[in-house]
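Right, one structure below, let's go through it.
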Amino acid sequence: MLRHRIIPCLLLKNGGLVKTYKFKNPKYVGDPINAIRIFNDKEVDELMVLDITATNAKQEPNYHLIEQFAGECFMPLSYGGGITSVEHAHRLFSIGVEKICLQTAALENPSLISQISSRFGSQSVLVSIDIKKNWLGKRQLYSATREKILSTNILDFIKIAIDSGAGEIVLNSVDHDGVMEGMDIELIQQISGAISVPLIALGGVGKLNDIKLAVNAGASAVAVGAFFVFHGPHRAVLITYPQYKELEILLNS
Amino acid sequence: MIAIINYNVGNLLSIHNMFKKIGAESCITNDVEVIANASKILLPGVGHFDYCMQQFNASGLKTVIHKKVINEKTPTLGICVGHQMLFEKSEEGLEKGLAWLPGEVVKFDTTQMPSSYKIPHMGWTDIFTQNKATLFENIEKPRFYMVHSYYVKCAEELVTAKAKYGYMFVTAIEKDNIFGTQFHPEKSHSFGMKLLKKFADL
């Protein structure tokens with residue numbers, strides 16, 4: 001049977017690996033190549049790497065570094081950060097990336113989604129969205145690059161993204177990022193029920209059961225950051241990934 | 001030398017990387033002479049069936065590859081759309097396939113699966129081997145990474161592996177020197193390495 005994918009999500013900042021807390025205070029957690037090698041050895045389902053500074057610094061993806069990542073990945077690799085053109089995407093695919101992840105560029109220019117997906121297939125285009133609660137507790141789209149809550153309706157934007165050819169939606173929750181106290185299950189339920197493409201839920205996993213809850217809520221895949229790189233109450237860096245058997249028991253029971 | 005055919009389609013570097021990892025000599029090539037001298041042919045393919053066939057037909061490599069596969073019986077492995085292209089036609093488009101094997105490519109029938117099942121079928125899937133599945137020898141509890149909306153429909157005797165997504169479908173085939181996998185061995189960790197090693201050692 002098809003198992004739900006469990007995807008380590010790594011954040012890059014200036015070539016180093018970091019982990020954020022509610023999108024703030026990026027803490028250095030090590031060398032990305034080393035981490036990717038470990039995840040590869042653990043036979044992870046898939047790997048996601050997001051460069052959190054490329055867009056703001058108006059930088060293109062760091063192709064040289066990403067090519068090294070791809071050389072270590074014997075599983076699908078997706079990359080996001082700084083992609084603003086079909087050419088950027090083409091270059092990433094040609095150096096061994098399977099899927100590219102659009103966020104800021106997709107918000108500003110949804111036609112980029114269709115330009116890339118019509119040429120390379122929708123299976124290779126992820127669109128990621130960040131959700132943050134406003135002061136009234138209402139969930140809204142959030143632009144990390146502008147550090148601003150947006151007024152665009154969440155589902156309207158997701159529908160535009162899917163109609164433009166997004167093959168998967170990455171749904172991240174700013175308020176749950178790095179907190180490790182569970183995911184926004186209500187949000188996952190709401191969005192997964194409304195879309196026809198796979199949903200990758202991200203943000204908040206602190207124990208294996210959080211993954212199961214997200215899957216039960218309709219996520220096709222769960223991406224995990226802090227839980228796979230931190231260990232213990234003091235957040236010591238330790239890269240982990242559940243055994244295949246553990247996941248089988250967790251997700252099939 | 002395994003020739004990974006470069007006809008402007010697909011993620012060739014991943015396949016090259018995995019051959020490198022398992023110590024098999026391979027090259028990404030569109031050079032007629034290199035292909036003519038290759039010991040194995042690897043036919044990749046990603047995206048739309050028609051796009052792949054059009055690119056392949058326009059590559060100028062069809063004659064030499066046909067000669068290798070059909071006349072010289074060089075071991076050949078098609079991956080994903082490269083696997084689908086081995087057959088006669090596809091529901092995805094209008095272009096003719098290579099028709100080296102009898103059969104066609106069809107779309108997943110969503111009426112035969114729960115509505116929560118999404119297309120494309122994407123992720124790690126257990127496979128079940130049958131017949132003389134040469135490339136799957138010594139792979140325990142095989143599972144592979146798949147991403148596709150279409151699959152091959154062909155005679156049982158060609159089928160070496162099936163998987164289940166709502167219902168059983170063909171995910172690998174074999175006929176003499178021709179092999180095909182709907183899934184991506186180059187993205188399937190140790191399972192893919194064992195399969196590609198077996199192919200490299202043929």
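The values are calculated or read from the model by the stated rules, or taken from the named source; none is laboratory data. Just so it is clear, the structure is predicted and the values come from calculations on it, not from any experiment. Note that we place each Cβ from the backbone using ideal geometry, even for glycine, and neighbour counts take in every protein chain shown. Side chains are part of the model used for accessible areas, which takes the heavy atoms of the whole protein and leaves out ligands, DNA and RNA. Shrake-Rupley method; radii C 1.70, N 1.55, O 1.52, S 1.80 Å.
Data for the structure
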item	result
Lone qualifier among B:S149, B:S116 - being within 14 Å of chain A (Cβ to nearest Cβ), open to solvent by 50 Å² or more (accessible area, probe 1.4 Å) and either farther than 28 Å from A:K245 by Cα or at pLDDT below 95 (or both)	B:S116
Among residues of region B:22-46, those that are at pLDDT below 95 and open to solvent by 30 Å² or more (accessible area, probe 1.4 Å), counted	1
Scope region B:119-144; condition facing chain A (nearest Cβ under 10 Å) and of a type outside the set (G, A, S); matching residues	B:I119, B:P120, B:H121, B:M122, B:W124, B:T125, B:D126, B:K141, B:R143
Per-region count, region B:168-202, residues of a type in the set (A, V, I, L, M) and open to solvent by less than 20 Å² (accessible area, probe 1.4 Å)	6
Condition broken by B:L98, with the remaining ones in (1) in a loop (DSSP other than H, G, I, E, B); (2) at pLDDT 95 or above; (3) surrounded by fewer than 21 Cβ atoms within 10 Å (Cβ to Cβ) satisfied	(3)
Any helices (runs of 4 or more DSSP H) falling wholly within region B:1-94 and containing at least 2 residues that are within 18 Å of A:G121 (Cα to Cα)	B:12-21, B:49-58, B:81-84
Scan of region B:152-192 for residues that are at the interface with chain A (Cβ under 8 Å from one of its Cβ atoms) and over 15 Å from the mean Cα position of the chain (by Cα), ordered by number	B:K164, B:Y165, B:H189, B:S190
For B:D109: the one exception among (1) surrounded by fewer than 13 Cβ atoms within 10 Å (Cβ to Cβ); (2) free of Cβ contacts under 8 Å to residues at least 24 places away in the same chain; (3) among the acidic types (D, E)	(2)
Tally of residues being free of Cβ contacts under 8 Å to residues at least 60 places away in the same chain, surrounded by 22 or more Cβ atoms within 10 Å (Cβ to Cβ) and on the phi < 0 side of the Ramachandran plot across region A:199-221	4
Residue list for region A:228-245, filter: farther than 15 Å from A:R5 by Cβ and either touching a helix residue (DSSP H, G or I) at 6+ places or on another chain (Cβ under 8 Å) or crowded, with 21+ Cβ neighbours inside 10 Å (or both)	A:V229, A:F230, A:R235, A:V237, A:L238, A:I239, A:T240
Residue check for A:K22: within 30 Å of A:H231 (Cα to Cα) and charged (D, E, K, R)	yes
Matching residues, region B:3-14, being of a type in the set (A, V, I, L, M, F, W, C) and either over 16 Å from B:H83 (Cβ atoms) or within 11 Å of chain A (Cβ to nearest Cβ) (or both)	B:A3, B:V9, B:L12, B:L13
Within region B:47-105, tally of residues that are aromatic (F, W, Y) and closer than 18 Å to B:N177 by Cβ	2
Search result, residues across region B:164-195 that are of a type in the set (G, A, S), out of contact with any strand residue (DSSP E or B) (no Cβ under 7 Å at 6 or more places or on another chain) and within 14 Å of B:T76 (Cα to Cα)	none
In region A:65-76, the residues that are more than 22 Å from B:F144 (Cβ to Cβ), surrounded by fewer than 22 Cβ atoms within 10 Å (Cβ to Cβ) and within 14 Å of another protein chain (Cβ to nearest Cβ)	A:E67, A:Q68
Tabulated pairs, region B:15-36, first more than 11 Å from chain A (Cβ to nearest Cβ), second open to solvent by 30 Å² or more (accessible area, probe 1.4 Å), C-beta under 6 angstrom, 6+ apart or interchain	B:E25/B:M1; B:S26/B:H16; B:T29/B:N6; B:N30/B:N6
Strands (runs of 3 or more DSSP E) fully within region A:109-175 counting 2 or more residues that are of a type in the set (S, T, Y) and open to solvent by less than 30 Å² (accessible area, probe 1.4 Å)	A:139-143
Every residue from region A:24-58 that is part of a loop (DSSP other than H, G, I, E, B) and either open to solvent by 60 Å² or more (accessible area, probe 1.4 Å) or within 14 Å of chain B (Cβ to nearest Cβ) (or both)	A:D31, A:K42, A:E43, A:V44, A:D45, A:E46, A:I52, A:N56, A:K58
